[in-house]
Amino acid sequence: MPNLRMHLPVEIQQLSVQLRNLLILLISLRLQPLAPAAQQNPFVVPVDGVRITKVLLALRCIHQVYPLSIEVSDLQHTVMAYMPWHKPADSPRPATLAMSTSSLDLGGSVTDRRSDPSALRFLIGHDLRLARERSGIKQSDAATVLGCSQSKINYLETGRNQQQPAEAVALMRYYGADEEHVARIASLAGRGDNTTWWEPYSAVLPTWFKTFVGLEGLAGYQFVYKTLQLPGQLQTADYTAALVAASPQVAPTDAQQIVRARMARQRLADESDPLNFAAVLDETAISRPVGGTTIMAAQLDHLLQLSERHNVELFVIPASTAEHVALGGDFTLMDFPEAQAIGYVEYPTGAVYVQDQDQVAVYTMLVDRLRALALPTTASGDVIRSHRDTFGKG
């Protein structure tokens, strides 16, 4: 059989080799603890799983367009040789994302997560607007590409209208986006006809919160910083029920369905599509006896069980910690296999979605600082276990 790889563009061959070498370097650095001096340097950015996953995604996209540009089996062997799939022991180096073996499925399309057309429109619209603004093109000029009105371009960017794959491709190419980005947006747009997984709970979900639920289902990675209560992904049904019962915004007739909805959102133990998850928790969140000592003891047992999973990392900031970078409040950061990362800040009657990538970079910096400030995972587990034992005696 002739060596068809020789007929590939030289640039593609070179890019594939460079990305593979970068992947090996990142994984190697990921497994080497940072020196103590480097840990204290705010300008040293740790190599984390998010960066590794993005290199894998780039290789996957190249492989989809040029199937012979890299041997998939070689790449899988490379990653398997360098990346431990079990959760490593505590290391002074923070790890933002624990990778799962599904990241290595380079031969097919990116795995569909929980479908949500509105969340897909939100992500696609965000990328369309960002690409247009970066290119310096006005909405009125973009409208000429599709032969439509300026208002339609606005609707496509806000997610009000469903973006057809052909329209998304035409716009992204007009904006000068690279073909990898174009292919990712086309892939997202092609899934816009799927049904919404959370529809059975629609009646009890606030309108502003439905977008978050959809995005959470599509995310490959989620980081959460919480000060007063535990994130929804970590809650037991009894803990959720206690929170819901204390909320003045929830009608008693809706309480049970809200608990069901929150449990349905959880993906940490989903063996087919686990959410890669990290949380930094203020010690206050694990010391408050929500629902009473018995319910809280069971909740902390649940945290300890989840912390054993390869896709979950839990960090605790001791209550004795003084001022720090995130005293301004809770936030969530979500990353997606085929779209830009998004920040999320919730308040009692709504939420703010942080889409500007410069602002997202600030939240990414906060994530790194918080992880460096918090106790390592083993020590954090000891704190959780100590509070669990205290509640167990009650």
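The values are calculated or read from the model by the stated rules, or taken from the named source; none is laboratory data. This one's a predicted model, so the numbers in the text were calculated from it and none came from an experiment. Reconstructed Cβ throughout: ideal geometry from the backbone, glycine too, with neighbour counts over all protein chains shown.
Quick notes
- Filter pass, ASP368 being touching a residue at least 12 places away in the same chain (Cβ under 8 Å), more than 27 Å from ALA186 (Cα to Cα) and not aliphatic (A, V, I, L, M): yes
- Index of the failed condition, THR144 passing every other in (1) surrounded by fewer than 16 Cβ atoms within 10 Å (Cβ to Cβ); (2) among the β-branched types (Val, Ile, Thr); (3) touching a residue at least 12 places away in the same chain (Cβ under 8 Å): (3)
- Helices (runs of 4 or more DSSP H) (entirely within region 152-254) containing at least 3 residues that are of a type in the set (Gly, Ala, Ser): 165-174, 179-189, 237-246
- A search for C-beta distances below 8 Å between a residue of region 196-211 that is surrounded by 18 or more Cβ atoms within 10 Å (Cβ to Cβ) and any residue that is at pLDDT below 90 and of a type in the set (A, V, I, L, M), counting only pairs 6+ apart in sequence or on different chains, returns THR211/ALA119.
- Selection over region 150-171 of residues that are among the charged types (D, E, K, R) and surrounded by fewer than 17 Cβ atoms within 10 Å (Cβ to Cβ) gives a count of 1.
- A single entry from ALA285, ALA326 fulfils the requirement of being of a type in the set (Gly, Ala, Ser) and touching a residue at least 60 places away in the same chain (Cβ under 8 Å): ALA326.
Per-residue answers, yes or no, for (1) touching a Gly at 6+ places or on another chain (Cβ under 8 Å); (2) not assigned by TED's automatic domain parsing to the domain that holds ASP335:
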{"position": "ARG121", "(1), (2)": "yes, yes"}
{"position": "ARG129", "(1), (2)": "no, yes"}
{"position": "LYS138", "(1), (2)": "no, yes"}
{"position": "SER149", "(1), (2)": "no, yes"}
{"position": "ASN154", "(1), (2)": "no, yes"}
{"position": "PRO165", "(1), (2)": "yes, yes"}
{"position": "GLU179", "(1), (2)": "no, yes"}
{"position": "ARG184", "(1), (2)": "no, yes"}
{"position": "THR207", "(1), (2)": "no, no"}
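This table checks each residue for (1) under 30 Å from ARG173 (Cβ atoms); (2) within 20 Å of the chain's Cα centre (by Cα).
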site	(1), (2)
TRP198	no, yes
TYR201	no, no
LYS210	no, yes
GLY214	yes, yes
GLY232	no, yes
ALA241	no, no
ALA246	no, no
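- Residue check for TYR353: in contact (Cβ under 8 Å) with a residue 24 or more places away in the chain and part of a helix (DSSP H, G or I): no
- Flag for ALA326 being assigned by TED's automatic domain parsing to the domain that holds THR294 and within 20 Å of the chain's Cα centre (by Cα): yes
- Members of region 314-348 that are outside any strand (DSSP E or B) and not hydrophobic (A, V, I, L, M, F, W, C): PRO318, SER320, THR321, GLU323, HIS324, GLY328, GLY329, ASP330, PRO337, GLU338, PRO348
- Failed condition for VAL213, given (1) assigned by TED's automatic domain parsing to the domain that holds VAL325; (2) hydrophobic (A, V, I, L, M, F, W, C); (3) out of contact with any Lys or Arg (no Cβ under 9 Å at 6 or more places or on another chain): (3)
- Filter result for ARG114 (more than 17 Å from ALA186 (Cα to Cα) and modelled with pLDDT under 90): yes
- On inspection, ARG369 passes the criterion of being within 20 Å of the chain's Cα centre (by Cα), closer than 21 Å to GLN229 by Cα, of a type in the set (Lys, Arg) and not in a strand (DSSP E or B).
- In this structure, THR294 does not satisfy being crowded, with 18+ Cβ neighbours inside 10 Å and either in contact (Cβ under 8 Å) with a residue 40 or more places away in the chain or under 30 Å from VAL250 (Cβ atoms) (or both).
- Within the span defined as region 345-362, every residue fails to be crowded, with 18+ Cβ neighbours inside 10 Å and closer than 16 Å to GLN233 by Cβ.
- Tally, over region 207-253, of residues that are hydrophobic (A, V, I, L, M, F, W, C), more than 24 Å from ILE286 (Cβ to Cβ) and touching a helix residue (DSSP H, G or I) at 6+ places or on another chain (Cβ under 7 Å): 3
- Set ASP301, ASP270: member being among the charged types (D, E, K, R), modelled with pLDDT of 95 or more and not in a strand (DSSP E or B): ASP301
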